[in-house]
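Everything below concerns the one structure shown next.
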Amino acid sequence: MNAADSTNNKTYLMVLPVPAFRLNEHQFAIESAFADHLRLLRLKLGELAQTLVVALPEMSAATYEATQAALGMIDETVDGIRFSPMYPANIGRLGYLKSLPRIMRALHKEVRQAAVVHAGPSELFRPYEFASLLLGCALRRKTISVTDIDNRKSAQMNYKSGRWSKREYLDTILLHRPVNRLQQAVAARAFSLVLLKGAKMARDYGGGRPNVKNFLDSAFSAEHIISDEKLEQKCAALADPATTLEFTFFGRLVGYKGVDHMLRALAHAKTQGLQNFRFNIIGGGDEETALQELTNSLQLQNEVVFQGSVAFGSSLFERLHNYHVLLAAPLSEDTPRSALDALASGQTIVAYDTYYYEELKAAGAPVTTVAWSDAQALGAAIAALGRDRKQLAMRLREAVAFARENTQEIWLERRVEWTRALFGG
């Protein structure tokens with residue numbers, strides 16, 4: 001195959017670190033929201049992706065069994081999406097490096113057959129996604145680089161929060177961060193289209209280049225947005241002091257999400273007069289037992305409900321539509337889709353002032369931010385919301401208005417327009 005825009009080539013290749021599990025000859029399982037995203041992306045791309053190939057790590061059977069409640073299924077023959085397994089997801093650093101020649105051969109085969117290569121930066125000791133983009137450049141394919149988080153401050157945040165040792169901090173500052181910055185700089189100058197999740201990141205690396213775009217990358221669809229009737233019922237109910245104020249966190253229960261900070265913030269809010277509330281925790285993970293123990297020690301067992309994992313989709317949004325406030329206390333930089341899903345569900349957000357939440361606020365989303373890692377300040381902001389329910393109701397309406405302008409369909413359409421432009425429209 002010659003040039004990347006060959007009229008006979010309608011394969012769109014995505015090279016990602018998201019693991020998938022082969023169920024049978026024609027079906028595979030992958031994180032449910034991402035499964036929906038892939039189907040919609042292929043539909044939007046139309047003739048540019050007669051076949052959508054996802055080159056991914058292969059999930060172990062044990063991981064599949066433990067996480068299948070949060071997975072969705074893709075049928076390759078029906079959905080037109082082919083899974084190309086690259087390496088075992090649980091492979092160690094040494095094992096990966098030993099397998100690198102085989103992985104590169106497999107990548108080269110997929111890139112050679114594609115018209116478009118879609119990937120992002122790689123970890124220092126796991127060259128994978130970025131390598132596929134470099135191969136794409138060498139083979140004159142169209143290359144799309146996507147970065148969904150600006151990690152430039154994460155090392156300092158992890159060190160200050162005590163989550164990292166000094167050695168881990170220095171390793172990142174001296175090795176990993178320079179490599180990541182080099183990849184971003186190369187991407188902005190060499191690849192066809194560069195999508196960065198963050199306006200500041202796009203400005204810093206793009207320098208005004210037309211191929212570099214700020215991309216919000218929402219996951220919710222228009223159908224997931226709370227109805228006007230349900231929203232008005234929820235807002236009206238807030239006027240009654242007997243209505244329980246519903247807080248939530250949904251996502252993985254892992255350390256950097258800061259769910260322990262949320263619990264401490266709620267305990268502090270109680271001392272500030274917050275009453276008649278419930279904190280709904282949706283998700284599972286390594287921190288679940290420790291968080292349950294912390295809940296008991298803070299005497300919040302009557303207000304906190306651990307609901308377990310719920311797959312992305314209508315059943316999740318049916319729950320989210322009943323809640324009022326999403327809490328976010330990331331201990332390192334984070335750009336979770338939960339923020340946008342919450343807005344679509346008619347929730348306001350109270351968060352630490354990391355760049356993502358500050359940018360959402362600047363874009364018009366109803367986000368209240370407090371100083372990073374200050375659980376008491378977070379609690380004070382929570383208590384203030386509880387005291388002014390009229391203001392809270394107004395912010396719920398603002399959330400839905402913002403969501404309607406930022407659905408997955410809207411942002412995917414922009415991505416497709418930018419992609420079509422690579423082929424002359």
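List of remarks:
- Every residue from the stretch 151-168 that is within 18 Å of GLU123 (Cα to Cα) and open to solvent by less than 50 Å² (accessible area, probe 1.4 Å): ARG152, SER154, ALA155, ASN158
- When HIS261 is tested against (1) outside any helix (DSSP H, G or I); (2) open to solvent by 10 Å² or more (accessible area, probe 1.4 Å), exactly one condition is not met: (1).
- So HIS176, is it touching a helix residue (DSSP H, G or I) at 6+ places or on another chain (Cβ under 9 Å) and either closer than 22 Å to TYR256 by Cα or of a type in the set (S, T, N, Q) (or both): yes
- Selection from the stretch 85-138 of residues that are polar (S, T, N, Q), over 28 Å from LEU422 (Cβ atoms) and surrounded by 15 or more Cβ atoms within 10 Å (Cβ to Cβ): SER99
- Among residues of the stretch 193-215 being open to solvent by 60 Å² or more (accessible area, probe 1.4 Å) and under 23 Å from the mean Cα position of the chain (by Cα), the one that is nearest to ASN406 (Cα to Cα) is ASN214.
- Test set (1) modelled with pLDDT of 95 or more; (2) open to solvent by 20 Å² or more (accessible area, probe 1.4 Å) - SER314 fails condition number: (1)
- When residues of the stretch 43-63 are limited to those that are in contact with a Leu (Cβ under 8 Å, 6 or more places away or on another chain) and at pLDDT 95 or above, the one surrounded by the most Cβ atoms within 10 Å (Cβ to Cβ): ALA55
- Residue that is under 28 Å from GLY206 (Cβ atoms) and either charged (D, E, K, R) or modelled with pLDDT of 95 or more (or both), where the choices are ILE74, ILE149, ILE103, ILE144: ILE144
- Residues satisfying the stated conditions in the stretch 10-42, i.e. part of a loop (DSSP other than H, G, I, E, B), modelled with pLDDT under 95 and either in contact with a Gly (Cβ under 6 Å, 6 or more places away or on another chain) or under 15 Å from ARG337 (Cβ atoms) (or both): none
- Helices (runs of 4 or more DSSP H) contained in the stretch 317-425 and holding at least 1 residues at pLDDT 95 or above, open to solvent by 20 Å² or more (accessible area, probe 1.4 Å) and out of contact with any helix residue (DSSP H, G or I) (no Cβ under 6 Å at 6 or more places or on another chain): 355-362, 375-387, 389-404, 408-422
- Of the criteria (1) outside any loop (DSSP other than H, G, I, E, B); (2) of a type in the set (Asp, Glu); (3) modelled with pLDDT under 95, which one ASP286 fails: (1)
- Test for THR271: is it at pLDDT 95 or above, of a type in the set (S, T, N, Q), touching a strand residue (DSSP E or B) at 6+ places or on another chain (Cβ under 6 Å) and within 23 Å of SER373 (Cβ to Cβ): no
- Some residue of the stretch 176-192 being small (Gly, Ala, Ser), buried (at least 16 other Cβ atoms within 10 Å of the Cβ) and out of contact with any Ser or Thr (no Cβ under 8 Å at 6 or more places or on another chain): yes
- Scanning the stretch 14-61 for residues that are under 17 Å from the mean Cα position of the chain (by Cα), farther than 20 Å from ALA311 by Cβ and among the aliphatic types (A, V, I, L, M) yields a count of 2.
- In the stretch 180-199, the residues that are of a type in the set (S, T, N, Q) reach residues that are part of a loop (DSSP other than H, G, I, E, B) and open to solvent by less than 50 Å² (accessible area, probe 1.4 Å) with C-beta atoms within less than 6 angstrom, at least six apart or across chains, in these pairs: ASN180/PRO121; GLN183/PRO121.
The values are calculated or read from the model by the stated rules, or taken from the named source; none is laboratory data. Note that the structure is predicted; figures quoted are calculated from it, not measured. Neighbour counts are summed over all protein chains in view; Cβ atoms, including those assigned to glycine, are modelled from backbone coordinates with ideal geometry. Calculation scope for accessible area: heavy atoms of the full protein, side chains included, ligands and nucleic acids excluded. Shrake-Rupley method; radii C 1.70, N 1.55, O 1.52, S 1.80 Å.
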